[in-house]
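See below for the structure under consideration.
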Amino acid sequence: MDAENYFDWTEKLFDPENVFAKPEALKGIRVLELCTRVFGPVTADLLADLGAEVIKIELPGVGDLMRYVAPRGFFYKNISPAFTHMNHNKYHVAIDIRKPKGAELLKQLVARSDVLVENFRPGTMDRWGVGYRQLKEVNPRLVYQANSGFGQWSAYRDRPSYDATSQAMSGFSATTGFPGRPPLKIGIWIGDYTGALFATLGILAALYARNKTGSGQMIDVSQGESLIRIQDWTWLLWSLFGKERRRVGNVDVAMVPSGVFRAKDGFVAVSAVDDGSFQGLCDAMEADDFRDDEELESLSGRLQDENREKIYERLSRWVAACTVRQVEEAGRRYGFSAQRVASARDHYEDEHLRFRKAVWEFEDPLYGPVVEYGPGPKLSETPGRMRWIAKPVGFHNDHVFRNLLGLDPETIRVLTDEGIVGTWADRIGAKPPDDWDGHRGRVF
């Protein structure tokens, strides 16, 4: 079978236009999310992408405080873009679990669920009487995911943490930046998203273990420790040689050449790490002296300080004389890696990403046409999918309370009057679009 046939075969196998005709990998798994901000909601979001039924439980009224974090103050139809992208496919209910009747409602949901995700300060849920110690008595099969900045026990457990905190604690900031300049914070919330990936991995492992043992368990994931886990060779450099990893700016000191460089009309990443691709780069730059230099024939030679510096100096000058497109085309012609530094607009307009549903345009039942990033892993037989984006506080109360818990309308009314359950406050970030008719997007 030749290469072209393989690509045709994989395109048909994954067929992005046939996603909704296939089953979902995590269908039948019910997840309760009691989270705020980013770390916890993203964990549940990743599970929802793959078909888990996620019920997001917020406090009545204002709900998750992330609802009010709006990039540059922008809200779309009363919802924050920062909130929508981590709350796909979720059912939104509002319960005050701090009150006894609210805690009892939560326990009723726990009895019918597989996973609970929370990211309160360590010990908070336990203090409210709904921590793992109490909930495992309600449902011994429960997988309880506890996300926090520094872990559920030991000296740092009570410290508050945000993404910048985790980047500092983990050493990420120490290795990010330019020589002689202060440490830098990476632009995205990498601590939250990396922690969420490890939490999701832990949940899937615990569900698999439950199939064998019949019992659930508690999982403790630290935001900072998750970033430490992906610090590649940083620790080894210290433990074996007593040396700290240096900040080196936009280039790599372990894989040479590899970095981001300024072209005439933008920036482009160039990597030519293996010997063959480096020779191709030399041909593209017409650098005969490099191609014939025995010291540069192997990666070990190119890693030497003097050689590394002269390679990066020559490469920077060559890229600066080219357009981004010229560098990309040279990469394809000569066999080295070259890719423009993409913007959000580039992603939005990229036909490759849209065809693969990495950028997913769909019709939300409440907000209308939206464009979101799609699920990361592409599963051929049980693919993930985007069904809807985040909803107002308590938007699915009736669906969950009536259909799942069997509560009658009068009971729901009494609980609402007592402040045990509720919906949104009249506030941008919490409420529906101004033109909402009271029915559009509801699930009954």
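The values are calculated or read from the model by the stated rules, or taken from the named source; none is laboratory data. Note that the structure is predicted; figures quoted are calculated from it, not measured. All Cβ positions, glycine included, derive from the backbone under ideal geometry; neighbour counts span all protein chains shown.
Are any of the residues in the range 27-37 within 21 Å of R385 (Cβ to Cβ) and among the polar types (S, T, N, Q)?
No, the conditions are met nowhere in the range 27-37.
When only residues in the range 1-35 that are small (G, A, S) and surrounded by 10 or more Cβ atoms within 10 Å (Cβ to Cβ) count, which is nearest to E53 (Cα to Cα)?
That would be G28.
Could you please find all residues in the range 63-76 being under 11 Å from A390 (Cβ atoms) and assigned to a loop (DSSP other than H, G, I, E, B)?
Result: G63, D64.
Pairs only if they're at least six apart or on different chains, beta carbon under 7 angstrom, first in the range 64-90 and over 18 Å from N119 (Cβ atoms), second of a type in the set (K, R) and surrounded by fewer than 17 Cβ atoms within 10 Å (Cβ to Cβ); list them, first residue then second.
If the second residue must be of a type in the set (K, R) and surrounded by fewer than 17 Cβ atoms within 10 Å (Cβ to Cβ), the pairs left are N89/R387.
Which count do you get for residues in the range 83-101 that are under 23 Å from Y193 (Cα atoms) and surrounded by fewer than 18 Cβ atoms within 10 Å (Cβ to Cβ)?
Of the residues in the range 83-101, 1 are under 23 Å from Y193 (Cα atoms) and surrounded by fewer than 18 Cβ atoms within 10 Å (Cβ to Cβ).
Out of (1) buried (at least 23 other Cβ atoms within 10 Å of the Cβ); (2) farther than 27 Å from P377 by Cβ, what's the single condition that is false for P41?
Of everything listed in (1) buried (at least 23 other Cβ atoms within 10 Å of the Cβ); (2) farther than 27 Å from P377 by Cβ, P41 misses just condition (2).
Go through the range 284-305 and give me each residue that's part of a helix (DSSP H, G or I), within 39 Å of the chain's Cα centre (by Cα) and surrounded by fewer than 17 Cβ atoms within 10 Å (Cβ to Cβ).
L299, S300, G301, D305
Just to be sure I understand the filter: pairs with C-beta atoms under 6 Å, separated by 6 or more residues or on different chains, first member in the range 354-369 and not assigned by TED's automatic domain parsing to the domain that holds N89 and of a type in the set (V, I, T), second member surrounded by 16 or more Cβ atoms within 10 Å (Cβ to Cβ) and in a strand (DSSP E or B). Which pairs pass?
Cβ pairs passing all conditions: none.
How many residues are touching a residue at least 12 places away in the same chain (Cβ under 8 Å) and more than 24 Å from the chain's Cα centre (by Cα) when one looks only at the range 192-219?
Summing the residues that are touching a residue at least 12 places away in the same chain (Cβ under 8 Å) and more than 24 Å from the chain's Cα centre (by Cα) in the range 192-219 gives 4.
Could we say that P433 is touching a strand residue (DSSP E or B) at 6+ places or on another chain (Cβ under 9 Å), buried (at least 21 other Cβ atoms within 10 Å of the Cβ) and either at positive phi or of a type outside the set (V, I, T) (or both) here?
no
Those residues that are closer than 22 Å to R37 by Cβ and of a type in the set (A, V, I, L, M, F, W, C), I need them from the range 136-153; list them, please.
V143, A146, F150, W153
All but one of (1) under 34 Å from the mean Cα position of the chain (by Cα); (2) more than 24 Å from V54 (Cβ to Cβ) hold for G422; which doesn't?
The number of the failed condition is (2).
If the requirement is being in contact (Cβ under 8 Å) with a residue 40 or more places away in the chain, crowded, with 17+ Cβ neighbours inside 10 Å and under 28 Å from S170 (Cβ atoms), which of these qualifies: V253, V260, V268, V248?
Testing whether each residue is in contact (Cβ under 8 Å) with a residue 40 or more places away in the chain, crowded, with 17+ Cβ neighbours inside 10 Å and under 28 Å from S170 (Cβ atoms) leaves just V248.
Yes/no per residue for (1) more than 24 Å from the chain's Cα centre (by Cα); (2) crowded, with 21+ Cβ neighbours inside 10 Å; (3) outside the structural domain of M86 (by TED's automatic domain parsing):
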{"site": "V130", "(1), (2), (3)": "yes, yes, no"}
{"site": "Q145", "(1), (2), (3)": "no, yes, no"}
{"site": "W153", "(1), (2), (3)": "yes, no, no"}
{"site": "Y156", "(1), (2), (3)": "yes, no, no"}
{"site": "S166", "(1), (2), (3)": "no, yes, no"}
{"site": "K185", "(1), (2), (3)": "no, no, no"}
{"site": "I190", "(1), (2), (3)": "no, no, no"}
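Give me the pairs, please: first residue somewhere in the range 392-421 and crowded, with 16+ Cβ neighbours inside 10 Å, second residue anywhere and at pLDDT below 95, beta-carbon distance under 7 Å, and either six or more positions apart or on two chains.
That search, which allows pairs on different chains as well, returns H396/V443; D398/F444; H399/V443; H399/F444.
Check S161, S166 and return the single one that is touching a residue at least 60 places away in the same chain (Cβ under 8 Å), assigned to a helix (DSSP H, G or I), hydroxyl-bearing (S, T, Y) and within 30 Å of D252 (Cβ to Cβ).
Sole residue among the options that is touching a residue at least 60 places away in the same chain (Cβ under 8 Å), assigned to a helix (DSSP H, G or I), hydroxyl-bearing (S, T, Y) and within 30 Å of D252 (Cβ to Cβ): S166.
Any residue in the range 48-58 that is assigned to a loop (DSSP other than H, G, I, E, B) and either of a type in the set (V, I, T) or more than 25 Å from Y367 (Cβ to Cβ) (or both)?
Checked the range 48-58: no residue is assigned to a loop (DSSP other than H, G, I, E, B) and either of a type in the set (V, I, T) or more than 25 Å from Y367 (Cβ to Cβ) (or both).
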